Amino acid sequence: MKKIRSAITAIAAALPNDVLTNDDLSKMVDTSDEWIMQRIGIKERRILKDKNKGASDLGTEAVLNLFKKTGLKPEDIELVVCATITPDYPLPATANVISEKTGIKNAWSFDISAACSGYLYALEVASKFVESGEYKKVLLVTAEKMSAITNYADRTTCPLFGDAATATLLEPTTEEVGVMDYILRTDGIGYKHLLIKAGGSVNPATHETVDKGEHFLYQEGQTVFKYAVSRMADVSIEIMERNKLSAEDIAFLVPHQANMRIIDATAKRMNLSPEKVMINIQRYGNTTASTIPLCLWEWEKQLKKGDNLILASFGAGFTWGAVFLKWAYNS
Ligand code: UT7
């Protein structure tokens, strides 16, 4: 019997309309367009301004866009996996809320928390259900409202993040396309360097935690940078070597979009020319679990069936990894 693989067969996205530029930020904190472009490479990011809307609203829009694009109906979906670190609520899972808002009633759903590696972790988890042969239509949603946990008085983190959601449809195939290989890693040594200090069971919310700004994302940028720049390149090289892929064999690197310098270093180590690297960090910033699928969505028309893609990420935890994906369709 032929091996069942999990293939991406459609992808959609949702972006808020409001744009926050570097010039806007320079009126809020002591920063400049020049510093942000030089050190990070972000020009602007999208922000969901409506305080009453959460990650699930963006996720819902992405899923509805996917339904519209594919003609799929809510009742066709068997499983919803949502990668997010900005859930609507501590409980229940945002995947449950998205299922409700999109009319998905014949499925079960849960969240995955793996920060910037959320898409790769969730892709592997969701793909295992598809590869089992039991699941025919699995939805992988990424939904991030990073503006809800960003401290806009902290110049070291506020230029980095943006809001976005995506929806990826995974279906089984017996063709030689889809998820071919993966390497996923974690090292808990990183948890202190990139975290939200309060609001969990260790340090529940009090007036004091709010006053100290401990519900915002905290990052020791330089430490995270050092790990990210080596780990993301190492794992990308490892997956290339393991699959006997040279730079010529790769159509695109699809890197997590945290910092242009990290992306450039990874592409250089892989010996890839700039046109083989998907980059949209200038327009959207770091949308955490949404960066990689946002790239796939934007580049969809340029992708051809059989194209070899390397997806690579590094994020809080630390979590990191690479996936070797063969694109499954022509648009
Ligand atoms: O996606 C999840 C994983 N996260 C990442 O991969 C992020 C990894 N880290 C980074 O991308 C970088 O460390 C940052 C972009 C966060 C910071 O860049 P950096 O080159 O590491 O800057 P730094 O923290 O070493 O700061 C250099 C200087 C400092 O001033 P002094 O102490 O040298 O006087 C900062 O205070 O730049 C200052 N600075 C700023 N200046 C203007 C920090 N942020 C800003 C700012 N505007 N926004």
Practice task
Answer yes if at least one residue in segment 262-270 is surrounded by fewer than 18 Cβ atoms within 10 Å (Cβ to Cβ), at pLDDT 95 or above and in contact with a Ser or Thr (Cβ under 8 Å, 6 or more places away or on another chain), and no otherwise.
Solution key: yes
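Which of the following residues is in a helix (DSSP H, G or I), of a type in the set (D, E, K, R) and free of Cβ contacts under 8 Å to residues at least 60 places away in the same chain: Glu100, Glu124?
After applying the criteria, what remains is Glu100.
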Practice task
Specify which of the listed residues (Gly178, Gly213) is at pLDDT 95 or above and farther than 25 Å from Cys82 by Cβ.
Solution key: Gly213
Completion exercise
If we keep only residues of segment 142-159 that are within 14 Å of the chain's Cα centre (by Cα) and closer than 16 Å to Arg283 by Cβ, then the residue surrounded by the most Cβ atoms within 10 Å (Cβ to Cβ) is Glu144
Fill in the blank from the handout: Within segment 294-331, of all residues that are within 15 Å of the ligand (Cβ to nearest atom) and under 22 Å from Thr70 (Cα atoms), the one surrounded by the fewest Cβ atoms within 10 Å (Cβ to Cβ) is Cys295
Practice task
Would you check which residues across segment 23-64 are closer than 18 Å to Thr156 by Cα, in a helix (DSSP H, G or I) and small (Gly, Ala, Ser) and list them?
Solution key: Ser26
Handout entry: Residues (within 15 Å of the ligand (Cβ to nearest atom), outside any strand (DSSP E or B) and in contact with a helix residue (DSSP H, G or I) (Cβ under 8 Å, 6 or more places away or on another chain)) located in segment 188-220
Key = Gly190, His193
Practice task
Determine, yes or no, whether Thr9 is modelled with pLDDT of 95 or more, surrounded by fewer than 19 Cβ atoms within 10 Å (Cβ to Cβ) and touching a helix residue (DSSP H, G or I) at 6+ places or on another chain (Cβ under 9 Å).
Solution key: yes
Practice task
Could you tell me whether any residue of segment 241-255 is in contact with a strand residue (DSSP E or B) (Cβ under 8 Å, 6 or more places away or on another chain), outside the structural domain of Arg155 (by TED's automatic domain parsing), crowded, with 21+ Cβ neighbours inside 10 Å and among the aromatic types (Phe, Trp, Tyr)?
Solution key: yes
Practice task
Please state which of the following conditions Thr223 fails to meet, knowing it meets all the rest: (1) touching a Phe, Trp or Tyr at 6+ places or on another chain (Cβ under 7 Å); (2) within 16 Å of the ligand (Cβ to nearest atom); (3) not small (Gly, Ala, Ser).
Solution key: (1)
Completion exercise
Residue set Ile11, Ile40, Ile36; condition under 19 Å from the mean Cα position of the chain (by Cα) and within 16 Å of the ligand (Cβ to nearest atom); output residue Ile40
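Would it be correct to say that Ser56 is within 16 Å of the ligand (Cβ to nearest atom) and not basic (Lys, Arg)?
Answer is no for this residue.
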Fill in the blank from the handout: The residue from Lys3, Lys27, Lys105 that alone is among the basic types (Lys, Arg), over 22 Å from the mean Cα position of the chain (by Cα) and closer than 27 Å to Tyr329 by Cα is Lys3
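The values are calculated or read from the model by the stated rules, or taken from the named source; none is laboratory data. Note that this is a predicted model, so its numbers are computed, not measured. As a convention, Cβ positions derive from the backbone with ideal geometry for all residues, glycine included, and neighbour counts pool all protein chains shown.
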